[in-house]
Amino acid sequence: MSFDTDKRLFGEARLNHEQFPHLPTGPVSTVPYTSEDYLARERDAIFKRMWLLAGRTEKIPKKGDFFVKVIEVLNTSIIVVRGQDDRVRAFYNVCRHRGTNIATGSGNCKFFTCNFHGWVYDTAGRNRHIADESQFFDLDKSKLNLHEVNCDIWNGFIFVNFDEDPRETLLEQLAELAPQLNDFPFEEMQVAGHWGATLTANWKLFLDAFQEGYHVATVHSGTINEYYTGERNPYCRPSSVRLYDRNRGLTIPFNPKFQIHASEAFAIKTGVSLSQGEEGLKKEVPGINPEGDEYYSFDINAIFPNWLLDTSIGFFFIHEFWPIDATTTRWEATMYFPPPVNAGALISQNQSIALLRDAFREDIATSEGSQAGLMSGSLKEINFADSEITCRHLYEAVDQMVNGNWHGTRVSS
Ligand code: FES
Ligand SMILES: [Fe+2]
């Protein structure tokens, strides 16, 4: 289905909902953003069952490389390790003797040694040594390997699933987004910036701040506003929206009237940048702009449940939203650029990184403000605009799963 872009950006018709008529339009409850009981249900219905992002393979390029990932909502941490056979596996970070965590941080090793009583495991999780073994009773060492967690990889993204018998494969869960993004050159890029914060906001509330443009003109008036708004699209509406079963995507256009500053013009000329404008559109990058939108800037791909994969003309960035409790979220954002080929490219990348850093700070401040307001209890409901349809879609997808409906009502047309 395609719509006239100007009508979508200017008009009074509520075209996103027109495109997805099965999605409700009424107010939604504030309970899912404030309640510990609701988070407990999300834990059981979603986080214990679905493929969750653990990291990228370039974090562990060599045999024996590992990192520990803490997943607070499941009260656990896991070790993700590249074994001596080059296979990437994930294990509960729990010694089979008395439960001690056996690794922290990241590094490279041939063996993990528990620092409580010295049991040893290899990088395939096999129990290789039990100190003073003869003192135990009828131990079968081969049954005391590290507990493995399901692990799979798509385009360098490592996922884990804590369900012993996952009800979907990773590709089934990624669904429509996998073919759309398959050809994007993820492997040509490397980490260029990384930010994180633990903030007082529900994980969905904070995720919503990064999947709608309605707030850009107000919250980001001093940073990124002019890149995206302007007379053609004053409220930064998306130029296209894709709602799938639980995943979703939207495209944000740039402001064609944006007057680039001299320093930015230099940055853009020398490398990929957040604000590439018309210059960027000359580049051929597969896997972006799925609906061929005019003045394309970037896509936000929301991968259920809790992360965003934003792709653009030669760079991408990731947001992860990990609930700690109903009103506390650990957020991590990572920016990926191609390795800078010269000093100019480095300047260009750093210009984008500095700009994003400032914008993210603005998002944190308003999200904590929203959460504080919701905690007052004075608001029982929230109204989402048509341009916030992605926030509504997350609300509905979560609510359907929490209520035991694995696939929910498919909202795509
Ligand atoms: S808890 Fe690990 S060796 Fe005792
Ligand atoms: Fe924002």
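The values are calculated or read from the model by the stated rules, or taken from the named source; none is laboratory data. Values in this document were obtained by computation on a predicted structure and should not be read as measured data. All Cβ positions, glycine included, derive from the backbone under ideal geometry; neighbour counts span all protein chains shown.
Miscellaneous remarks
- Any chance I313 is within 17 Å of Q190 (Cα to Cα), buried (at least 18 other Cβ atoms within 10 Å of the Cβ) and either modelled with pLDDT under 95 or of a type in the set (S, T, N, Q) (or both): yes
- Identification of helices (runs of 4 or more DSSP H) wholly contained in the stretch 1-95 with 1 or more residues that are under 24 Å from the mean Cα position of the chain (by Cα) yields 15-19, 36-42.
- Answer residue from the stretch 115-125, given it is part of a loop (DSSP other than H, G, I, E, B) and over 32 Å from the mean Cα position of the chain (by Cα) and is nearest to ligand 2 (Cβ to nearest atom) among those: N115
- Out of T390, T366, T329, sole residue that is surrounded by 21 or more Cβ atoms within 10 Å (Cβ to Cβ), at pLDDT 95 or above and in a helix (DSSP H, G or I): T390
- Count of the stretch 83-119 residues which are more than 9 Å from ligand 1 (Cβ to nearest atom), crowded, with 18+ Cβ neighbours inside 10 Å and aromatic (F, W, Y): 3
- Applying the condition of being in contact with a helix residue (DSSP H, G or I) (Cβ under 9 Å, 6 or more places away or on another chain) and of a type in the set (G, A, S) to the stretch 367-384 and asking which residue is nearest to F210 (Cα to Cα) yields S367.
- The residue of the stretch 185-207 that is farthest from ligand 1 (Cβ to nearest atom), among those that are in a helix (DSSP H, G or I) and either of a type in the set (S, T, Y) or closer than 23 Å to Y336 by Cβ (or both), is E188.
- Residue in the stretch 209-222 that is crowded, with 21+ Cβ neighbours inside 10 Å and assigned to a helix (DSSP H, G or I) present: yes
- Exactly one residue among I288, I324 is surrounded by 19 or more Cβ atoms within 10 Å (Cβ to Cβ) and either touching a residue at least 40 places away in the same chain (Cβ under 8 Å) or part of a loop (DSSP other than H, G, I, E, B) (or both), and that residue is I288.
- Meets criteria (more than 15 Å from ligand 2 (Cβ to nearest atom), closer than 23 Å to V285 by Cβ and surrounded by 13 or more Cβ atoms within 10 Å (Cβ to Cβ)) for L170: no
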